[in-house]
Every structure is written in structure tokens, then in C-alpha cells.
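Taking it in order: structure first as C-alpha cells, then the write-up.
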Amino acid sequence: PQEKITVVSPNITGKDFLVYKTTDSIQMTNIKEEMKKQRKINIKGTFVAKKKEPFCLEITDGIHTIYKQIGKVEEATNYPVTKEIVREKLEKIQDTIYEWESLTISIDFHSFFPIKQLNQLKRECIEALNKQRLERKPVEKKKYSREVPDFPQEKGKTIRLSTEKREVDSTFKEIYVEKDWFDDIKDERKVLRLPRIMNTFPPYQQKLLISELGSLYSYQKVETDFSFNVTNSYTVSLLHSLGVLKITLSYELNQKQIKHLIDAYHQRHQKHPNLEVIIEGNLESMILKYNLANHYHIKDQGILKDKYHNQFLLQNKKDYNILYHYQKRKENAENYYELGVNYVRIDL
């Protein structure tokens, strides 16, 4: 802290210019070196040798436990096997993926047993632990069944008003509106869009476009937004079975993946889902609970520019910020109707 540095750059001018260090070459080198090292798994062990009984070893990785015994402990005639000898032999596991977190050794006084058998016991325990860790339970296949509604196939359009109040033509079936100006828009097609982060759940009774899981269990007449990140037909089945009226698919799906999703849904349920895809608008790239806009005294919205001079819109939502992608999406609606998508959406 308070360390002064000299920066030579044509983009930085002026005395006492504030510079944020975003990477450190020494730190990155250390991280790369650590990543090269083999990750070891901690194990705990207990070795017990009692006269006239087999000597035994128990090892555990915290989930799997192996217990084995071998040979027979005798009275030593010359040189007894000591704790130090046993520890030295058992701790030689460097060629395995394990390392000892703890190793407890208990041996009767003046005992003897073959070191060859001790090494064999250790090897058999390690091999048995490896086998248990690699075991996988067989997948049990059962019939998948959910009660879902059958929606008619349509060619509808919706629009989301996020920053402006404007007239919307009659071709749009629904208008998603933020709470801040919901009451100002006099249109029966409007649907209240709830925020991405909610700490309380007011008792809304009307249809809602919801953006997070808490709302799914708090309200009845809901449609889900892209932030539910729906990417497969099983999620569509689950949401429809819970009463969701319309599902906006994830940004990440391409047309081939959407076709596969709808085909799989048809095959499983013999019914049609009610899906929506955003085809036009600036897509949300990130949501920030840390209020970056307030930090830089941005009241409503501002611009973040990366090193490639791409400009990202930053919106201040009081409790959080939304960062939008610098490229605007614009795709053909007919392509999605042909796939079986019921609604295409424009975000303004």
C-alpha cells in the first residue's frame, strides 16, 4: 500500500494517476508451478501388532476404509521390530497418489514379524483403496415421467422494455416491463418483469416474468426469463410440470441445440413446449452484486471499455449492476418458428 511506481505508457498521463494492478508475473509463475505438482490425497492409518496374532493395518481416505491383516507376531529372539522401523516402511508411499495425514503405530514389546510381509500388507491396502475409489455404482435406468401441459404451436412475438417507455405495435402479444415504470404504461399486454436479485417477495397476483428461483416458489402465474439458463428438455419438463407458462431459453443455445431440445421433448411427452428465444437486443453478460456504478459515481448507466475498445453498457439497479455485451444480437424470427419455438423476443 502507498507504494509509488513509475509507469511508461502513452495512455497514462498526469501525476498521481491511479493504476490498478490486475496481474502479477511472479504470482502467475508460482501458480503454474503448483499446477504441475501431483495432487496428493490425505490418508489416515492405524497399525497394530500383538503377539500370537496377525498384525494388521487400517487406512482411510475419509470415505473409504480398508482393513487387512497378515502373518503372525512372534516373540523376538534377537532384534525386535520397533515402531521406528514400521513407520519408516509404511511411510514409503511417494510413488502413490497418497500421503499420510496421520499414522498411529502400536506394537507389543519385543515383537518380531517379517518386514517382507509388512511391505506386502501396505501394498495390498493401497491397492484395495485404489480399487474402492475407482468403483462406480451402475446407473439404474428408470422410466422418466412428468405430467406436462400440451401447448399449441404458435408464431408469437414479445418485447421487453428495459430502458425506455414507448408505444408497442399490435403484433407483440406481451410487453415485459420493469417495476419502475410498470404503472406508467397503459397497455393490457404488459407483464411485470421481476429483478434478477430479490430479497423480499411482494404478494403479486398478476402474471409475472421471473428471473430467479425464489420467485418460482412464491408466485403462481409465471414465465421464466433467460437467467434460469434452460439448456435441455428435462429442465423444460420440470418447469412446465411446476406450472411455468412460458420458458425463455438460455442465450447459449444455438439453433441445432434448440431443435434437439424440442425433438427430445416431443419424443418423451408427445406434447409441445411453450418456448421463447431472444432474437434481438443487447444481451446481459454479467450481473454484479458489488455496485461498481456507485463506486465510480454513475447514477443510471455508464460505459465500460476493454483493452480492445469494445464498449459495454453498465446499468445501475441500486442494489446491483447489469453489464451488457458490446455486440447486439439480431436474428431471423422465421428460423426459430420452424424449429418449434412459439415466441421470439426483442429486448430494448
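If a/c stays under 1.5 just call it rounded; otherwise compare a/b with b/c (prolate if a/b is bigger, oblate if not). Do that for segment 104-197, with a ≥ b ≥ c from the square roots of the Cα gyration tensor eigenvalues. Kindly include the intermediate steps, with their values, before the conclusion.
On the way: a/c = 6.83, a/b = 3.28, b/c = 2.08.
Judged from the Cα gyration tensor, segment 104-197 comes out prolate (a/c at least 1.5, a/b above b/c).
Counting only alpha carbon atoms, the long axis of helix 255-269 and the longest principal axis of the chain meet at about 80°. Hey, what did the chain get for relative contact order, percent, Cα under 8 Å, at least 6 apart? It rounds to 13 percent for the chain.
I'd like the FRET efficiency for R268 and N130, computed as 1/(1 + (r/R0)^6) with the beta carbon distance as r and R0 of 25 Å, rounded to 0.05. Mind showing how you got there, number by number?
Working: r = 39 Å, r/R0 = 1.57.
About 0.05, to the nearest 0.05.
Expected output is a single nm value to one decimal: the length gained when fully extending between F151 and E167, i.e. 0.36 nm times separation in residues minus the C-alpha distance. What is it? Before the final figure, lay out the partial values.
Working: separation 16, 0.36 × 16 = 5.76 nm, distance 2.90 nm.
So the chain would gain 2.9 nm between F151 and E167.
Where the centre of each part is set by its Cα atoms, how far does segment 293-326 sit from segment 189-211, in angstrom? The two parts, judged by their Cα centres, are 24 Å apart.
Output the Kirkwood hydrodynamic radius of segment 180-319, Cα pairs only, in Å rounded to one decimal. Intermediate results must be reported in sequence, preceding the final value.
Numbers: mean 1/r = 0.0578 Å⁻¹.
The Cα-based Kirkwood calculation yields 17.3 Å.
Ranking M28, L208, Y67 by how far each Cα lies toward the positive end of the dipole of the chain (charges on Cβ) leaves Y67 at the top. Dividing the summed helix terms, -39500 (n - 2.57) for each DSSP H run of n ≥ 4, by the number of residues in the chain produces a 222 nm estimate of -6500 deg cm²/dmol to the nearest 500. Over all pairs of different C-alpha atoms in segment 115-167, the reciprocal of the mean inverse distance, the Kirkwood hydrodynamic radius, equals 19.0 Å.
Does segment 166-226 come out rounded, prolate or oblate by the C-alpha gyration tensor, with a ≥ b ≥ c the root eigenvalues, rounded set by a/c under 1.5 and, if not, prolate when a/b is larger than b/c and oblate if not? In terms of gyration-tensor shape, prolate.
When only C-alpha pairs under 8 Å and at least 6 residues apart count, what is the relative contact order of segment 147-296, in percent? Intermediate results must be reported in sequence, preceding the final value.
Values: 206 pairs, mean separation 27.9, N = 150.
Relative contact order, segment 147-296: 19 percent.
What would the Debye formula give as log10 I(q)/I(0) at q = 0.06, 0.08 Å⁻¹ for the alpha-carbon point model of the chain, no solvent? Reported log10 I(q)/I(0), two decimals: -0.48, -0.70.
When only alpha carbons of segment 281-325 are considered, Rg and Dmax amount to 10.0, 29 Å.
Assuming R0 = 56 Å, can you tell me the calculated FRET efficiency for the pair K330 and T82, based on Cβ-Cβ distance, to the nearest 0.05? Walk me through the intermediate numbers first.
Numbers: r = 79 Å, r/R0 = 1.41.
That pair, K330 with T82, gives E of 0.10.
For segment 77-234, the equivalent ellipsoid built from the Cα gyration tensor has semi-axes of 71, 20, 13 Å, listed from largest to smallest.
No lab work stands behind these numbers, since they all come straight from the coordinates. Since the model is a prediction, treat every value here as computed from it, not as a measurement. Because the Cβ atoms are built from the backbone with ideal geometry, glycine has one as well, and the counts that use them run over all protein chains shown.
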